[in-house]
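The values are calculated or read from the model by the stated rules, or taken from the named source; none is laboratory data. Please read all numbers here as calculations on a predicted model, not as lab measurements. We place every Cβ from the backbone using ideal geometry, glycine too, and count neighbours over all the protein chains shown. Please note that ligands, DNA and RNA were not included when accessible areas were found on the heavy atoms of the full protein model with its side chains. Shrake-Rupley method; radii C 1.70, N 1.55, O 1.52, S 1.80 Å.
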Amino acid sequence: MTKQFAPIADTKDLEELLARSHSEPVILFKHSTTCPISAAAYTEMSRVSNDVSLLIVQRARELSREIATRTGVRHESPQTIILRNGQAVWNASHWSIKAAEVEDAFRQHV
């Protein structure tokens, strides 16, 4: 399945994601367009059947730092974070990003 990613590029987008996380879990994927590990993680995330918000790290470095500050999850790239009720409830980075594990974690927080 090819996944369409919803871009997140600014603080307004982040605020909307955090607000939405109060009614449902949301998936945020931080992706580096220059990293081969991130390319593999992108392939995994494209298999996730839920909506995925995509932050391109090279285009939004400050926002990536803001996410780390707000969630308490140290920035890494690639990185997947599931947000629920405004907080990070699950995360994985690098080779640990697997579609099945993301979906399992998502279902645990519905």
- Task: Show ASP13, ASP104, ASP51 ordered by accessible area, largest first, where the area counts protein heavy atoms only and the probe is 1.4 Å.
- Result: ASP51, ASP104, ASP13
- State, as an integer percentage, the relative contact order of the chain based on alpha-carbon contacts under 8 Å between residues 6 or more apart. 35 percent
- Query: Residues of the chain: accessible area per residue at 1.4 Å, in Å²?
  - Reply: 53 Å²
- Accessible surface of the chain [probe 1.4 Å, protein heavy atoms]: carbon and sulfur percent: 47 percent
- Note on the structure: For HIS109, the net charge from surrounding residues (Cβ-Cβ under 15 Å; K, R +1; D, E -1) works out to -2
